[in-house]
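Here's the structure, in structure tokens; my notes come after.
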Amino acid sequence: MSAPNRAALLTKAFKVLKKHYKPVSPPTDRSVLEHLLYASCLENSQHEQVDDVLAKLQENFYDWNEVRVTTRAELAEVMSALSDPPESASRLKRTLHSVFESYYS
């Protein structure tokens, strides 16, 4: 017997996953930057939690630059609904800093 190839294994795994999970379609009214920030917060968290956190960030801060210069501890407090707030805050700040440096270096 030959070992099944990788494509067949991936196809089978995808079918099983598709039975148990439904895809989440992203909102169309977000900018590319907001999608990038959403993705940086999504690791190990639920979509609904990230939606709430991003709404809270937009409500509590003037703009994304203010979020970029805020301390990680303060961001972690605002992002407390996520599974790992300090790590999510760190990823968010790194993403914002990277975007800032690419435009203003």
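Maximal additional length on extending the D84-Q58 stretch stands at 7.4 nm, based on 0.36 nm per residue less the C-alpha distance.
Using C-alpha pairs below 8 Å separated by at least 6 residues, the relative contact order for the chain is 26 percent. The residues of the chain expose, per residue, 75 Å² of accessible area to a 1.4 Å probe. Across segment 69-80, rounded Karplus estimates of 3J(HN,Hα) from the backbone phi angles (6.51 cos²θ - 1.76 cosθ + 1.60, θ = phi - 60°) give 8, 6, 5, 5, 5, 5, 5, 4, 5, 5, 9, 5 Hz, Gly and Pro being marked x. Peptides 70-79, 6-15, ordered by how many other C-beta atoms sit within 10 Å of their residues on average, highest first, read 70-79, 6-15.
Largest first, the three principal axis extents of the alpha carbons in the chain are 60, 31, 27 Å in whole numbers. Counting each DSSP H run of 4 or more residues in the chain as -39500 (n - 2.57), what helix-only mean residue ellipticity at 222 nm follows after dividing by all residues, to the nearest 500 deg cm²/dmol? Taking each H run of at least 4 residues, the total per residue is -21500 deg cm²/dmol. As a rough guide to protection, the peptides 39-48, 57-66, 19-28 ranked by mean Cβ packing within 10 Å, highest first, stand as 39-48, 57-66, 19-28.
The slack in the chain from A13 to E66, taken as 0.36 nm per residue of separation less the alpha-carbon distance, amounts to 14.8 nm. Amide H contacts for T70 (H built 1.01 Å from N in the peptide plane; partners 5 or more residues away or on another chain; cut-off under 5 Å): none found. Projecting label points 7 angstrom from Cα along Cα→Cβ for E48 and S98 puts them 3.0 nm apart.
The values are calculated or read from the model by the stated rules, or taken from the named source; none is laboratory data. If you're wondering where the values come from, they're calculated on a predicted model, not measured in any experiment. As a convention, Cβ positions derive from the backbone with ideal geometry for all residues, glycine included, and neighbour counts pool all protein chains shown. Note: accessible area is taken over every heavy atom of the protein model, side chains too, but ligands, DNA and RNA are not part of it. Shrake-Rupley method; radii C 1.70, N 1.55, O 1.52, S 1.80 Å.
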